[in-house]
Amino acid sequence: QVQLEEFGGGLVQAGGSLRLSCVSSGRAFNTDAMGWFRQAPGKEREFIAAITWRGDSTYYTETMKGRVTISRDNPRNTVYLQIDGLKPEDTAVYSCAQSQFFTATRAADFHFWGRGTQVTIST
C-alpha cells in the first residue's frame, strides 16, 4: 500500500518561504514521477510542479514559475517543494502525488495522493 505524507505546512507571513516535503512508502520511489498540487477553499485542484523519476526534468505552472522549486531525494524517498515570496493567495492545502509513469504533469496521470498539508499565508 502506497502512502504519501506531507510535512512543512503552517502559518507564514506574506513574503516568507516554505519548504514542503513528502515522504513516500510502499512502492518503489525512484521509478516514479512526483508532483505537487494545491487546492484553495472553493477552488479546483491546481497543478504546481512535477519532477521526473530521475529528477532530470522539472515542470511548473506558469502562475508560480520563478517562486517554486521541486526537487527529490530518491534514497530518502522524498520530494520537496520550495516556495518563495509567499502571497495570501497561496493559502491552500498542498498535496503531493506519485505517478506510475516516469514523467507526469496531469492530475489524471498521478495514481497515489497524500492527504495534504495546510499552508496559510498571513498579511
Report summary line: Here the residues within the stretch 61-79 that are under 11 Å from the mean Cα position of the chain (by Cα) and over 25 Å from residue 28 (Cβ atoms) are 68
Query raised in the report: Name the residues in the stretch 28-67 that are out of contact with any Gly (no Cβ under 8 Å at 6 or more places or on another chain) and open to solvent by less than 10 Å² (accessible area, probe 1.4 Å), would you?
Result: 29, 32, 33, 34, 35, 36, 37, 52, 64
Report task. Consider only pairs whose beta carbons are under 7 Å apart and that are at least six residues apart or on different chains; among these, list those whose first residue lies in the stretch 109-123 and is farther than 22 Å from residue 31 by Cα and whose second residue is of a type in the set (Ser, Thr, Tyr) and in a loop (DSSP other than H, G, I, E, B). Result -> 119/91; 120/91; 121/91
**Report entry** Counted residues, the stretch 48-93 - those being assigned to a strand (DSSP E or B) and over 13 Å from residue 104 (Cα atoms)
**Finding:** 14
Report task. State whether the residues of the stretch 85-107 include one that is out of contact with any helix residue (DSSP H, G or I) (no Cβ under 9 Å at 6 or more places or on another chain), open to solvent by 70 Å² or more (accessible area, probe 1.4 Å), closer than 26 Å to residue 12 by Cα and free of Cβ contacts under 8 Å to residues at least 60 places away in the same chain. Result -> yes
Query raised in the report: Taking only pairs six or more apart or across chains, which ones have beta-carbon atoms under 9 Å, a first residue in the stretch 37-59 that is among the acidic types (Asp, Glu), and a second residue that is surrounded by fewer than 16 Cβ atoms within 10 Å (Cβ to Cβ)?
Result: 46/39; 46/40; 46/63
**Report entry** Flag if residue 16 is among the small types (Gly, Ala, Ser), open to solvent by less than 50 Å² (accessible area, probe 1.4 Å), over 15 Å from the mean Cα position of the chain (by Cα) and more than 20 Å from residue 115 (Cβ to Cβ)
**Finding:** yes
Query raised in the report: Quick one: is residue 23 among the β-branched types (Val, Ile, Thr), open to solvent by 30 Å² or more (accessible area, probe 1.4 Å) and closer than 16 Å to residue 118 by Cβ?
Result: no
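The values are calculated or read from the model by the stated rules, or taken from the named source; none is laboratory data. All values reported here derive from a predicted model rather than from experimental measurement. No Cβ is skipped: glycine too gets one built from the backbone with ideal geometry, and neighbour counts run over all protein chains shown. The accessibility values were calculated without ligands, DNA or RNA, using every heavy atom of the protein model including side chains. Shrake-Rupley method; radii C 1.70, N 1.55, O 1.52, S 1.80 Å.
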